[in-house]
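Scroll down for the structure; my scribbles are underneath it.
The values are calculated or read from the model by the stated rules, or taken from the named source; none is laboratory data. Note that the structure is predicted; figures quoted are calculated from it, not measured. FYI the Cβ positions are ideal-geometry reconstructions off the backbone, even for glycines, and counts take in every protein chain you see. Remember, those area values only see protein heavy atoms, side chains included, never the ligands or the DNA or RNA. Shrake-Rupley method; radii C 1.70, N 1.55, O 1.52, S 1.80 Å.
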Amino acid sequence: MTATEICFGRGTASVAVGRIAAFGSRVLLVHGANAARSDWLAEALVQNGCDVARFAVAGEPDMDMVQAGIDAARRHGADVVTALGGGAAIDAGKAIAALASGTRPMLDHLEVVGAGLPLETAPLPFVALPTTAGTGAEVTRNAVIAVPEHQRKVSLRDPRMLPRLALVDPALTDNCPRSVTLASGLDAVTQVIEPYLCTRANPMTDALCRDAIPRGLVALCRLMKGEDTAAREEIAWVSLCGGLALANAGLGVVHGLAGPLGGLSSAPHGAICGALLPHALEVNARHATDPRTQARIAEIRHWIAEALGGAKDEAFSRLAAWSRENGLSGLDALGISPEQRSTAAEAAAASSSMKANPVPLGPDTLSKLMDNAT
């Protein structure tokens with residue numbers, strides 16, 4: 001399962017206008033908080049004869065934000081939705097495109113806190129142009145939405161939500177702030193590690209992940225030393241591979257905890273994943289008994305040690321130290337309290353990501369994992 005078409009490579013964004021216009025002339029352009037970064041696309045679409053309405057996404061999407069976007073799409077009579085931005089903008093755009101043509105309340109379609117019903121009508125055509133390398137949302141069939149009254153982040157999920165077109169141009173990520181590059185990059189690496197370890201791994205996702213994990217680690221190391229065009233291209237590819245892998249296999253304990261923690265706090269998703277990753281790997285290594293999982297964890301130790309230096313048996317602690325040295329905050333500094341961690345440990349059992357983790361982990365183990373990530 002993936003987008004109908006993926007175009008990858010530096011310069012790919014140059015075909016965006018014609019490709020978007022082919023889906024419809026009334027465009028809802030979803031973008032991040034800084035509208036100026038999307039001016040080039042909005043202006044080019046107007047020059048091409050499109051009627052463009054714009055919708056800004058400030059922060060990670062919640063139900064109110066998505067509903068406001070749905071209302072904007074309906075008022076405009078949008079026949080295509082395009083998202084230009086990071087994972088939050090793409091998830092918001094994907095959800096808006098999915099629900100704008102329907103009549104049921106959003107909650108009817110949300111997992112965990114809602115009825116989880118399939119979409120009643122086909123989504124509007126959706127085109128994604130990511131400007132960060134992290135979530136791989138441009139090739140997944142779900143959108144993550146915060147539900148503040150339940151203090152949860154849950155998915156709106158349907159196979160028809162897969163974008164019609166993903167334009168992955170690494171040039172759009174050039175000069176991304178260092179802190180964003182680190183957090184989103186660690187999320188990208190997590191999203192090729194977890195599908196490789198999960199219980200639903202398969203030959204296709206293995207081929208993607210086995211190649212992408214070491215490439216992602218090396219690229220991220222290079223980007224922490226300075227702006228690097230080739231490394232931007234590498235991490236964009238790794239992010240795309242992560243989206244493809246998670247959509248066709250699964251994730252694990254990092255994302256099983258990141259969903260509840262994100263709903264309970266205002267901490268950014270990528271930073272949570274980066275803080276949890278080395279400690280989650282350590283816990284899985286300690287509890288794994290089957291030879292397959294043990295062998296794959298050994299491979300990951302090797303790849304981390306090759307990228308960061310140090311001994312293989314210290315790879316996970318080295319990853320944690322390297323992340324902190326480069327500015328990644330722990331859970332405490334991200335504003336996640338012990339009480340929130342305790343609640344997340346209980347809530348994680350219901351997450352789809354946790355169900356694919358290679359070993360079962362109870363609330364006490366999850367709490368200790370998060371304590372180590374503070």
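Structure summary
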{"read-out": "Members of segment 86-123 found to be touching a Ser or Thr at 6+ places or on another chain (Cβ under 6 Å) and in contact (Cβ under 8 Å) with a residue 60 or more places away in the chain, listed by number", "value": "GLY86, GLY87, GLU111"}
{"read-out": "Positions within segment 111-155 being in contact with a Leu (Cβ under 6 Å, 6 or more places away or on another chain), over 15 Å from ALA89 (Cβ atoms) and in a strand (DSSP E or B), in sequence order", "value": "VAL154"}
{"read-out": "Residue list for segment 1-24, filter: polar (S, T, N, Q) and surrounded by 17 or more Cβ atoms within 10 Å (Cβ to Cβ)", "value": "THR2, THR12"}
{"read-out": "Of all residues making up segment 110-152, the number that are open to solvent by 30 Å² or more (accessible area, probe 1.4 Å) and under 15 Å from the mean Cα position of the chain (by Cα)", "value": "5"}
{"read-out": "Odd one out for GLU339, checked against (1) farther than 18 Å from ILE300 by Cα; (2) in contact with a Ser or Thr (Cβ under 9 Å, 6 or more places away or on another chain)", "value": "(2)"}
{"read-out": "Strands (runs of 3 or more DSSP E) wholly inside segment 4-80 that include at least 3 residues being of a type in the set (A, V, I, L, M) and closer than 30 Å to GLY259 by Cβ", "value": "26-32"}
{"read-out": "Qualifying residue in segment 272-289 (condition: in contact (Cβ under 8 Å) with a residue 24 or more places away in the chain and on the phi > 0 side of the Ramachandran plot)", "value": "no"}
{"read-out": "Pairs with Cβ under 7 Å, 6+ apart, first in segment 4-23 and of a type in the set (Lys, Arg), second part of a loop (DSSP other than H, G, I, E, B) and open to solvent by less than 50 Å² (accessible area, probe 1.4 Å)", "value": "ARG10/ASP169"}
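Every residue, every condition in (1) assigned to a helix (DSSP H, G or I); (2) within 30 Å of MET63 (Cα to Cα); (3) of a type in the set (A, V, I, L, M); (4) in contact with a helix residue (DSSP H, G or I) (Cβ under 7 Å, 6 or more places away or on another chain), yes or no:
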residue: CYS273; (1), (2), (3), (4): yes, yes, no, yes
residue: ALA285; (1), (2), (3), (4): yes, no, yes, yes
residue: THR289; (1), (2), (3), (4): no, no, no, no
residue: GLU299; (1), (2), (3), (4): yes, no, no, no
residue: SER323; (1), (2), (3), (4): yes, no, no, yes
residue: ALA344; (1), (2), (3), (4): yes, yes, yes, yes
residue: ALA347; (1), (2), (3), (4): yes, yes, yes, yes
residue: ASN357; (1), (2), (3), (4): no, yes, no, yes
